[in-house]
Amino acid sequence: MKRIILSAFLAVSVLIAGLAALPFVVSSQNIKTALDQQIMQLTGNAISYNGELNLTFSPYLGVELSDVVIAGNKQNEDDPDLLRIENLQFGLRSFALLFGKIQLSGFKLVRPKFTILVQKNGEGNWSRINNIIKSAKDTEQSGSTVAGSVESELRDASLSVGDITPGKFEIVDGIIETVIAGRDAPNFRVTNLHGEFDWPSLASPWDMSGKGVWRGESFEFSNVANNPLALMTSGRSKLKFSFNSPTVKASFNGLATVVSGVQFQGQTSISTPSLPRLLELLLGNEHLMRPVIGEFAIEGEMFANAREFRFQEAEVQLDSSVANGSLQLHWNRDTKSKISGTLAFSSLDLTPLIETVSVSDPSPVGSSAETLAQWPFDLDVRFSAENYIIKKSKFGALAAAVIVNQNEWAFDIGEADFFGGRIVATIASNNGASAGEIELKGIMSDVSMGDITRDWYGGDIIATGNTNINFNLKAPSETALGNFREFFGEMEITLTDGRIEGIDLAKAIPALNQNNGFVTISEIKGNTPFSNLSLNMIIYNGVGWITKGIANSDVSEFSLSGKADFIGGGLAIYTDIRQLANGDKIPEQARMFVGGTVRNPLVTKTPLTNSRPDEREQSDG
């Protein structure tokens, strides 16, 4: 009992003595000296105060300082300060005060501004911090007395890893910006920064999390490093990182290595509901591209450094289409950066791409050849698909590539299934031409013309048969890629063993002769079989001019001339029909004109003269 009373008496005596000494220990000068020493210990930089120091007693014993500045490593007088704090709050450890010592804890930075300055020689205004940490690690490894800082204030100190204890920090309404020497505007700026940072000692992991606003968009982040000391002294550490905003979600779990530069390798995922918005956010360009691709996601093993961002064996999602493969992003400061890769899709929906480039107005960015060549990245992406979709049509295998190299570009279909046959085609820029052109050329072989016309055109008159098509078209480089009216060139079409469904030309001859040269489609409804049909066409202004058209069957032959509007569907085609001799029967012949549209054709008889209005129109033009 006496021992208990004696112990209590001693404790109360120490408490009373500590409280009596408190006014002498907790003086403004003593607190500032303790703060100076801790800041110098942590950063190698001196701290300055322009405001008053105030003690606080709620919710705990602490200190408030206003207008606090840590200048950092400056090379010029007008260089910005490394850190300016409008209001700095921190606690005082009560137990230490009882023994006449001042120990600081729990820093709260209210409206701080961090300015990361990179000089022209590559040196940063934070370099003294790295010197402090490196010296502490050297001391820990050697066990000898080594100066903890290159600064004179700490030349006589012997600091090891365990001696430096950053502690806990809270940031309220802060700003972080990076400035490259010689540039007027900040290169990177985060506002409304709120977060927490906990690093008990240099030998322990750190844990940080928070939220802020970047380029007008709010975000949240977290970061855990198992061995941050290694990252700051040319080593490696396990690292977890996450970033979440309305535009992009990203996570990384792997290794970070610092040798000659920073490298990351580990499991990574990146996803965005809008790839154009993500590029706009990253590059700061509000008119970068049309929304050809909306949703984008990639997940897999990633390797990254200052010049390269590489995914291997990754899963990539483009809207509803999913692929496996690799993607690389190579940064280049002197020329365009480059995206390259190889992707294999099970099914690829090309409808968004087709619908985007089909816009006839060339002014929106991303629709014309000129703006595609001005895209901020070079591209070399090869892709394949077990099947692909265009609108309501589904096809088999596809192998293609998208290439953008400086101011030239190409979309190359190496080979693809197309309506029962194959297609090989290329649409590319031709900047060697005097004013710059787009070239569209290719070959369709053994395709089904019936399926093409049914799926893509419809109407009452449909041509069928095994079809081969050669085309070579050009357009001015400023043309919207889907504006077919701007394309001009040649097209050859051959069909075998087919028929023209919806019209029986054999019925047309007597019908035209009996009805004063005018018939309705219902009167000659039927089919016209043929063994061969060939058309040579000149394409101009979205209209195909038939320069040569011949078809024949066992019982008749006919020739075609005139024009067909591929966009509006208008028809102005002259047809000479001749029945072949059949025994003693005299062959009949007639010439008719098919007008109207593909969906609503109109057939009339024309005189058998040597020249036709359409021929005169072409010769006059």
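Look at the stretch 314-347 and say how many of its residues are of a type outside the set (Val, Ile, Thr) and open to solvent by 60 Å² or more (accessible area, probe 1.4 Å).
Summing the residues that are of a type outside the set (Val, Ile, Thr) and open to solvent by 60 Å² or more (accessible area, probe 1.4 Å) in the stretch 314-347 gives 10.
Which strands (runs of 3 or more DSSP E) does the stretch 159-270 wholly contain that include 2 or more residues that are out of contact with any Ser or Thr (no Cβ under 6 Å at 6 or more places or on another chain), on the phi < 0 side of the Ramachandran plot and aromatic (Phe, Trp, Tyr)?
Answer list for the stretch 159-270: 188-199, 206-214, 236-244.
Does Val179 satisfy being modelled with pLDDT of 80 or more, of a type in the set (Val, Ile, Thr) and either open to solvent by less than 30 Å² (accessible area, probe 1.4 Å) or over 20 Å from Val68 (Cβ atoms) (or both)?
It is true that Val179 is modelled with pLDDT of 80 or more, of a type in the set (Val, Ile, Thr) and either open to solvent by less than 30 Å² (accessible area, probe 1.4 Å) or over 20 Å from Val68 (Cβ atoms) (or both).
Out of the residues in the stretch 516-533 that are touching an Asp or Glu at 6+ places or on another chain (Cβ under 9 Å) and among the hydroxyl-bearing types (Ser, Thr, Tyr), state the one that is surrounded by the fewest Cβ atoms within 10 Å (Cβ to Cβ).
Filtering first and then ranking leaves Ser531.
Can you pull out the residues in the stretch 492-515 that are more than 12 Å from Gly465 (Cβ to Cβ), out of contact with any Ser or Thr (no Cβ under 6 Å at 6 or more places or on another chain) and surrounded by fewer than 18 Cβ atoms within 10 Å (Cβ to Cβ)?
Of everything in the stretch 492-515, those that are more than 12 Å from Gly465 (Cβ to Cβ), out of contact with any Ser or Thr (no Cβ under 6 Å at 6 or more places or on another chain) and surrounded by fewer than 18 Cβ atoms within 10 Å (Cβ to Cβ) turn out to be Glu492, Lys507, Pro510, Asn513, Gln514, Asn515.
Return a yes/no flag: does the stretch 217-234 have any residue that is charged (D, E, K, R), over 29 Å from Pro80 (Cβ atoms) and either surrounded by fewer than 17 Cβ atoms within 10 Å (Cβ to Cβ) or in contact with an Asp or Glu (Cβ under 9 Å, 6 or more places away or on another chain) (or both).
no
Would a scan of the stretch 547-559 turn up a residue that is crowded, with 19+ Cβ neighbours inside 10 Å, of a type outside the set (Phe, Trp, Tyr) and touching a helix residue (DSSP H, G or I) at 6+ places or on another chain (Cβ under 7 Å)?
The answer is yes; a qualifying residue exists.
I'd like to verify a number: residues in the stretch 467-490 that are at pLDDT below 90 and touching a Gly at 6+ places or on another chain (Cβ under 6 Å), how many?
Residues flagged as at pLDDT below 90 and touching a Gly at 6+ places or on another chain (Cβ under 6 Å) within the stretch 467-490 amount to 4.
So, of the residues in the stretch 561-589 that are farther than 19 Å from Ile546 by Cα and touching a helix residue (DSSP H, G or I) at 6+ places or on another chain (Cβ under 8 Å), which turns out to be modelled with the lowest pLDDT?
Going through the qualifying residues, I end up with Glu588.
Report whether or not Asn541 is at pLDDT 80 or above, farther than 22 Å from Met449 by Cα, open to solvent by 60 Å² or more (accessible area, probe 1.4 Å) and under 57 Å from the mean Cα position of the chain (by Cα).
Yes.
Which residues, taken from the stretch 405-416, are surrounded by 18 or more Cβ atoms within 10 Å (Cβ to Cβ) and at pLDDT 85 or above?
Answer for the stretch 405-416, where residues must be surrounded by 18 or more Cβ atoms within 10 Å (Cβ to Cβ) and at pLDDT 85 or above: Phe411, Ala416.
Condition (residue is modelled with pLDDT of 90 or more and either in contact with a Cys (Cβ under 7 Å, 6 or more places away or on another chain) or open to solvent by less than 40 Å² (accessible area, probe 1.4 Å) (or both)) applied to the stretch 154-171: is it met by at least one residue?
There is at least one residue in the stretch 154-171 that is modelled with pLDDT of 90 or more and either in contact with a Cys (Cβ under 7 Å, 6 or more places away or on another chain) or open to solvent by less than 40 Å² (accessible area, probe 1.4 Å) (or both).
Collect the residues in the stretch 73-86 that are modelled with pLDDT of 80 or more and in contact with a Lys or Arg (Cβ under 9 Å, 6 or more places away or on another chain), keeping them in residue-number order.
Once the filter is applied, which keeps residues that are modelled with pLDDT of 80 or more and in contact with a Lys or Arg (Cβ under 9 Å, 6 or more places away or on another chain), the stretch 73-86 yields Pro80, Asp81, Leu82, Leu83, Arg84, Ile85, Glu86.
List the number of the failed condition for Phe518; all other conditions in (1) at pLDDT below 80; (2) over 20 Å from Ile462 (Cβ atoms); (3) out of contact with any Ser or Thr (no Cβ under 7 Å at 6 or more places or on another chain) hold.
So Phe518 meets the others, but not (3).
So the check is Cβ under 7 Å with 6+ separation or different chains; which pairs have a first residue in the stretch 270-290 that's within 18 Å of Asn187 (Cβ to Cβ) and a second one that's modelled with pLDDT of 80 or more and open to solvent by less than 50 Å² (accessible area, probe 1.4 Å)?
Here the result reads Leu281/Glu217; Leu281/Thr247, each pair linking the stretch 270-290 to a residue that is modelled with pLDDT of 80 or more and open to solvent by less than 50 Å² (accessible area, probe 1.4 Å).
What are the residue pairs meeting all of these: first residue in the stretch 445-457, first residue modelled with pLDDT of 85 or more, second residue open to solvent by 40 Å² or more (accessible area, probe 1.4 Å) and assigned to a strand (DSSP E or B), Cβ atoms under 6 Å, and 6 or more apart or on different chains?
Qualifying pairs under 6 Å: Ser445/Arg422; Ser445/Asn468; Asp446/Asn466.
Can you tell me which residues in the stretch 491-506 are among the acidic types (Asp, Glu) and either farther than 17 Å from Val598 by Cβ or at pLDDT 95 or above (or both)?
Result: Glu492, Asp497, Asp504.
Would it be correct to say that Val262 is buried (at least 17 other Cβ atoms within 10 Å of the Cβ) and either at pLDDT below 95 or more than 15 Å from the chain's Cα centre (by Cα) (or both)?
no
Going by what's in this entry, would Ser48 be described as modelled with pLDDT of 75 or more and open to solvent by 20 Å² or more (accessible area, probe 1.4 Å)?
So Ser48 fits the description; yes.
Only one of Leu608, Leu602 is open to solvent by 70 Å² or more (accessible area, probe 1.4 Å), assigned to a strand (DSSP E or B) and modelled with pLDDT under 80. Can you tell me which?
After applying the criteria, what remains is Leu602.
Taking the stretch 206-254 as the search range and keeping residues that are of a type outside the set (A, V, I, L, M, F, W, C) and in contact with a helix residue (DSSP H, G or I) (Cβ under 7 Å, 6 or more places away or on another chain), which one is farthest from Gln38 (Cα to Cα)?
Thr247
Across the stretch 192-204, what is the total count of residues that are farther than 21 Å from Gln38 by Cβ and open to solvent by 20 Å² or more (accessible area, probe 1.4 Å)?
Residues flagged as farther than 21 Å from Gln38 by Cβ and open to solvent by 20 Å² or more (accessible area, probe 1.4 Å) within the stretch 192-204 amount to 2.
The values are calculated or read from the model by the stated rules, or taken from the named source; none is laboratory data. Since the model is a prediction, treat every value here as computed from it, not as a measurement. Methodologically, a virtual Cβ is constructed for each residue, glycine included, from the backbone with ideal geometry; neighbour enumeration extends over all protein chains shown. Note: accessible area is taken over every heavy atom of the protein model, side chains too, but ligands, DNA and RNA are not part of it. Shrake-Rupley method; radii C 1.70, N 1.55, O 1.52, S 1.80 Å.
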